[in-house]
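Reviewing the structure listed below.
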Amino acid sequence: MPKASSAAWLALLACAACEARPVPDAAQPAATRGAESPLGAAAPSYPCIDEIEAVEAPPPEPEVAAYYSALPRIVLRGKVVPVLYASAPPADADPRAAAIRDRMAAAGFFAERALRREISAARGDRGLLRAAFLRDGYLFSADPEIGAALVKVIKLEDLFDDPVVFRDRGRGVERLEPAEDGYVEAGGERAEVLLNDRLARTEPELSAPRHFDLGSVRAASGADRVTPLVVAADRAVVRLVYPSGFTAAAVLSRRGLFTEVSCVEGAPAIVEAELQRAAALRAWRDRVRKAAALMVAERPGFDEPSDELEGEQEDGVLRREWLKAYTRWEKTFFYREREYPVFDRRGNPTPPEVCIDFIFDNWERASGNWFERRGHRPGRTRGFLDFGAFPGLWRRHIPSILELAAQGGPPLVRYDLPKGDAVPLRSFGAMAEALARNADAFLEGDILVIHGVREEDNEEHYHAVLVLEADPLTGLPMVVADNAGRPRIRSLVTAMRSAPRRAVKHRLRLDTEWLLGVLEGSGEIDVDPVVDGGARP
């Protein structure tokens, strides 16, 4: 192992993920698609014991340690660029900028309000705001309240009015140009600002990065979690954690702005099997994310009548009526004298959904199984998943789904958070700590089942969200998709905010070995024509 012991702050992230895990049988790799590595020529070499031993740990940095301690409370409230800092970016010495940072630190839980006030008070002085909030170009804070506020509030136009803004987000230098509604990406979509973005007015300002980009590490290695062991200025030793639970040490290095996986320690056959499994799961998750984005764009309604009678619970009746109208080639349907659409304005079907419908619909649609568009014969396109075919799966009733999943799958397997870790949102700090203790149980593509009392009727209700993106350092969900009135993609905290007395209590997952087998039998994955049956919303 490395010559110097790991710094104390690294232990904050390394505890659970570093425990010994069962190693898959190298002679029986699951869901492989041939002998060639899914990474091609970019595949890292292995083993790398000598390279690991050569990386020496520098002295610990308290501010970096504070950032990692705060990270669970940040990622649950908003998406960040996942990076591993070799050193903390230095703050600008401008006394006016320092005064802004001091006022923000004193704001505590009111950091978001204070940030809006500081932006207003700057009166368009973007140089001052850059000096206050960009540190060596990084949008960085080790304070969880300030970090979450920066993610929610800051816009590029608050910081820049240049004809081009240069950004490093792990993919090399990207050019962002102004448009009518703010700066836009190369593809024309509005450019978001995320914590740990590195931004500059000129391209040379982005040289000499202080971080390792973990999005690149995940893409190159196939790992879900990346746990730091030793982080030096130009190299780092990390532990890669794969979906199966298999772990391997690896060395990260830089080539210019790019982070690379130099080598992976472990038996080549085992590592290659994990790469193959990870490539299949990554392709599936990409399909799920695209299906979720389409459903958000099409806005199918919630399966609850807009004129539901007081004291009645009619969730579920609209989908039944929608299906009748759909099969009769009708464009709208009525329920209790209210009219509802069968299709959106572009002809995409919009079946009403309860929260768990949204997730099963998403999975089926990601497999290619979805309703035909207006103008086609009513029916469904052919896909490789149909959850209506599973005996005993009452797909609209979460308690029954939990009961079935407790039997161990397929198709679903269940994890229950310990009772003491089922902390409601209103105790957010304790909730973040509890979820962090269970982070090994979460993967992208999982269902989180939320349960507890809802304020509007003081009764217990379930809600379900689909994890689209998880932070590779903490393992916690950064981005979820759900339907609690209409489909949305948002943070977990935002999805839970309407009922803060509820807590995450269960995790459901498509049985991994079963899913890999289904994917293996479905042929190569081609996302674009499969997800929506050939039509864009």
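Laboratory data are not the source of any read-out in this text; all were calculated from the coordinates shown. Values in this document were obtained by computation on a predicted structure and should not be read as measured data. Ideal geometry is used to build each Cβ from the backbone, glycine not excepted, and the neighbour counts take in all protein chains shown.
Note that region 391-407 has calculated 3J(HN,Hα) couplings of x, x, 8, 8, 6, 10, 10, 4, x, 5, 5, 4, 5, 5, 5, 5, 6 Hz, one per residue in order, obtained from phi through the Karplus relation 6.51 cos²θ - 1.76 cosθ + 1.60 (θ = phi - 60°); glycine and proline are x. For region 89-206, what proportion of DSSP beta bridges, expressed in % and rounded to the nearest 5, is antiparallel? So the antiparallel bridges in region 89-206 amount to around 100 percent. In terms of packing, defined here as the mean over residues of other Cβ atoms within 10 angstrom, the peptides 293-299, 407-413 line up highest first as 293-299, 407-413. Only Lys, Arg, Asp and Glu carry charge here, each on its Cβ (+1 for the first two, -1 for the last two); on that basis region 280-531 has a dipole of about 580 debye about its Cα centre. This ranking places 514, 370, 363 by how few other beta-carbon atoms lie within 10 Å of each, fewest first, which gives 514, 363, 370.
A simple rule links phi to the HN-Hα coupling: the Karplus curve 6.51 cos²θ - 1.76 cosθ + 1.60 with θ = phi - 60°, which for region 338-355 gives 9, 9, 10, x, 8, 10, 7, 5, 9, x, 7, x, 10, x, x, 9, 8, 4 Hz, with x for Gly and Pro. The protection proxy used here, the mean number of other Cβ atoms lying within 10 Å of each residue, ranks peptides 52-64, 325-337, 210-222, 72-84 as follows, highest first: 72-84, 210-222, 52-64, 325-337. For the chain, the longest principal axis of the C-alpha atoms and the axis of helix 95-107 are separated by about 50°. Using C-alpha pairs below 8 Å separated by at least 6 residues, the relative contact order for region 315-357 is 36 percent.
Ellipticity at 222 nm from helices only: DSSP H runs of n ≥ 4 in the chain, each -39500 (n - 2.57), divided by the residue count, give -9500 deg cm²/dmol.
Each of 329, 484, 281 was placed along the dipole of region 280-531 (beta-carbon charges, centred on the mean Cα), and the one lying farthest toward the positive end is 329. Seen from every direction in turn and averaged, the convex hull around the alpha carbons of region 114-181 projects onto 5.2 nm². Under the criterion of Cα pairs below 8 Å and six or more residues apart, the relative contact order for region 114-235 equals 23 percent. Extension gain for residue 415-residue 161 works out to 86.6 nm (0.36 nm per residue, less the C-alpha to C-alpha distance). Taking the Cα centre of region 409-457 as reference, the dipole from Cβ charges on Lys and Arg (+1) and Asp and Glu (-1) amounts to some 140 debye. Maximal additional length on extending the residue 314-residue 208 stretch stands at 32.2 nm, based on 0.36 nm per residue less the C-alpha distance. Beta-bridge orientation, the chain: approximately 95 percent antiparallel, per DSSP, counting only bridges with both partners inside. A crude spin-label estimate for the pair residue 386 and residue 125, with each label 7 Å from Cα along the Cβ direction, gives 6.7 nm. When Cα extents along the principal axes in Å is calculated for this entry, the matching label among (1) 103, 67, 42; (2) 68, 64, 46; (3) 93, 57, 48 is (2). Residue-wise HN-Hα couplings along region 284-293, as the Karplus relation 6.51 cos²θ - 1.76 cosθ + 1.60 with θ = phi - 60° gives them from phi, are 5, 5, 4, 5, 5, 5, 5, 4, 4, 5 Hz; Gly and Pro carry x.
Rounded to the nearest 0.05, the FRET efficiency derived from the C-beta distance between residue 61 and residue 486 at R0 = 56 Å is 0.80.
Here the contact order of the chain, divided by its residue count and restricted to Cα pairs under 8 Å and six or more residues apart, works out to 16 percent. Site pair residue 286 and residue 327 shows an inter-label distance of 3.7 nm when each label is modelled 7 Å from Cα along Cα→Cβ. Taking label positions 7 Å along the Cα-Cβ direction at both residue 344 and residue 426, the computed distance is 3.6 nm, reported to one decimal.
Computed packing ranks the peptides 261-269, 373-381 as 261-269, 373-381, most packed first, by mean other Cβ atoms within 10 Å. What the Cβ-Cβ distance of residue 109 and residue 69 gives, at R0 = 22 Å and to the nearest 0.05, is a FRET efficiency of 0.80.
Per the Debye calculation on region 89-206 with a single equal scatterer at every Cα and no solvent contribution, log₁₀ I(q)/I(0) for q = 0.17, 0.20 Å⁻¹ amounts to -0.81, -1.12.
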